[in-house]
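Structure first, commentary second.
The values are calculated or read from the model by the stated rules, or taken from the named source; none is laboratory data. Quantities reported herein were computed from a predicted structural model and do not represent experimental measurements. Don't worry about glycine lacking a Cβ; one is built from the backbone with ideal geometry, like all the others, and counts go over all protein chains shown.
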Amino acid sequence: MKRLENKVAIVTGSTSGIGIGIARLYAREGAKVVVCGRRQEKGQAVVDAIRAEGGEASYHFLDLTDFSTIEKLIDDTAAQYGKIDVLVNNAANVGLPDGRVDELTLQMWDNIFNSDIRGTFYAIKCVLPYMQKNGGGSIVNIGSMASCGGDLGATAYSCAKAGVDMLTSSVALQYGKDNIRCNCVRPGLIVTPQNDAYVSKTLRDIFLSNIEVNRYGCPEDIGHACVYFGSDESAFVTGQIINVDGGMNSHAPTVAQFRALGSRTW
């Protein structure tokens with residue numbers, strides 16, 4: 001299948017985790033993929049894997065907190081390929097210190113917002129002129145189910161990802177007449193080769209008790225949603241936020257507890 005044939009796609013943060021899954025699926029569907037992140041060796045390994053499967057890819061350095069590297073990524077991609085059809089905003093700095101409101105410093109707050117929404121905003125701002133010149137394009141933001149409600153500790157992260165939801169809606173509204181679409185994918189618990197050893201059994205059990213499909217997510221689950229949003233199949237779809245979470249957010253929060261009791265929720 002070549003659902004993305006002849007499309008040029010940038011996948012930020014594609015040197016690890018979910019980003020690798022997105023980049024490899026994009027290449028399998030025929031896209032020319034720009035793999036980008038801070039770690040050149042890991043990025044080149046992804047590029048080599050894509051090429052070994054017969055796909056087309058290149059690596060470009062990106063530090064989401066350094067706006068000059070965002071500008072260079074967008075400009076160099078357009079110069080190399082002549083256009084940009086798809087931008088997948090996946091990059092974020094994981095593991096940044098977060099906490100309750102009383103625990104957060106302004107620096108902690110700013111670090112997370114710089115990573116999880118400021119860079120996404122600027123990448124969109126930089127790619128818009130190229131997509132307008134090209135007659136359209138698709139922007140896919142990677143959000144989080146953390147934006148669906150309050151969190152016991154990840155206050156800044158939840159707020160930043162909620163901002164990504166609203167940014168998605170704003171871009172879709174403002175640039176739809178330019179044939180530029182913007183959608184958002186919210187991952188649930190995604191177990192990757194990079195985080196597998198750090199996801200405890202306790203955490204897995206909590207999530208699995210609320211997931212409806214009897215397994216955790218994998219990078220390809222997010223990749224498939226991104227392929228749809230990047231392809232012409234979704235030409236009439238914009239401003240949408242989709243949860244790819246195994247159904248975790250599709251039910252009342254008491255379901256897992258009532259199941260354990262062998263009872264119904266009402």
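The numbered conditions (1) modelled with pLDDT of 95 or more; (2) among the aliphatic types (A, V, I, L, M); (3) surrounded by 14 or more Cβ atoms within 10 Å (Cβ to Cβ) are all true for LEU96 except (1).
Yes or no, residue by residue, for (1) at pLDDT below 95; (2) out of contact with any helix residue (DSSP H, G or I) (no Cβ under 6 Å at 6 or more places or on another chain):
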{"site": "GLY163", "(1), (2)": "no, no"}
{"site": "LEU173", "(1), (2)": "no, yes"}
{"site": "VAL185", "(1), (2)": "no, no"}
{"site": "VAL191", "(1), (2)": "yes, yes"}
{"site": "ASN195", "(1), (2)": "yes, yes"}
{"site": "TYR198", "(1), (2)": "yes, yes"}
{"site": "LYS201", "(1), (2)": "yes, yes"}
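Go through segment 142-158 and give me each residue that's in contact (Cβ under 8 Å) with a residue 40 or more places away in the chain and either in contact with a Leu (Cβ under 7 Å, 6 or more places away or on another chain) or charged (D, E, K, R) (or both). Listed by number, the residues that qualify are THR155, ALA156.
Considering each residue of segment 104-148, count those that are more than 15 Å from the chain's Cα centre (by Cα), more than 19 Å from ASP75 (Cα to Cα) and assigned to a helix (DSSP H, G or I), and give that number. Counting residues in segment 104-148 that are more than 15 Å from the chain's Cα centre (by Cα), more than 19 Å from ASP75 (Cα to Cα) and assigned to a helix (DSSP H, G or I) gives 10. Among the residues making up segment 8-50, a single one is surrounded by fewer than 19 Cβ atoms within 10 Å (Cβ to Cβ), of a type in the set (Lys, Arg) and in a helix (DSSP H, G or I): LYS42. Do you know which residues across segment 239-257 are in a loop (DSSP other than H, G, I, E, B) and over 16 Å from the mean Cα position of the chain (by Cα)? Across segment 239-257, the qualifying residues are GLY246, GLY247, HIS251, ALA252, PRO253, THR254. Scanning segment 234-266 for residues that are at pLDDT 95 or above, out of contact with any helix residue (DSSP H, G or I) (no Cβ under 9 Å at 6 or more places or on another chain) and not small (Gly, Ala, Ser) turns up just one, PHE236. Restricting segment 71-93 to residues that are in a helix (DSSP H, G or I) and over 20 Å from the mean Cα position of the chain (by Cα), the residue that is surrounded by the most Cβ atoms within 10 Å (Cβ to Cβ) is ALA78. When the residues of segment 152-202 are filtered to those that are among the hydrophobic types (A, V, I, L, M, F, W, C) and part of a loop (DSSP other than H, G, I, E, B), the one that is surrounded by the most Cβ atoms within 10 Å (Cβ to Cβ) is LEU189.
Is segment 94-115 home to any residue that is free of Cβ contacts under 8 Å to residues at least 12 places away in the same chain and among the small types (Gly, Ala, Ser)? Within segment 94-115, one or more residues are free of Cβ contacts under 8 Å to residues at least 12 places away in the same chain and among the small types (Gly, Ala, Ser).
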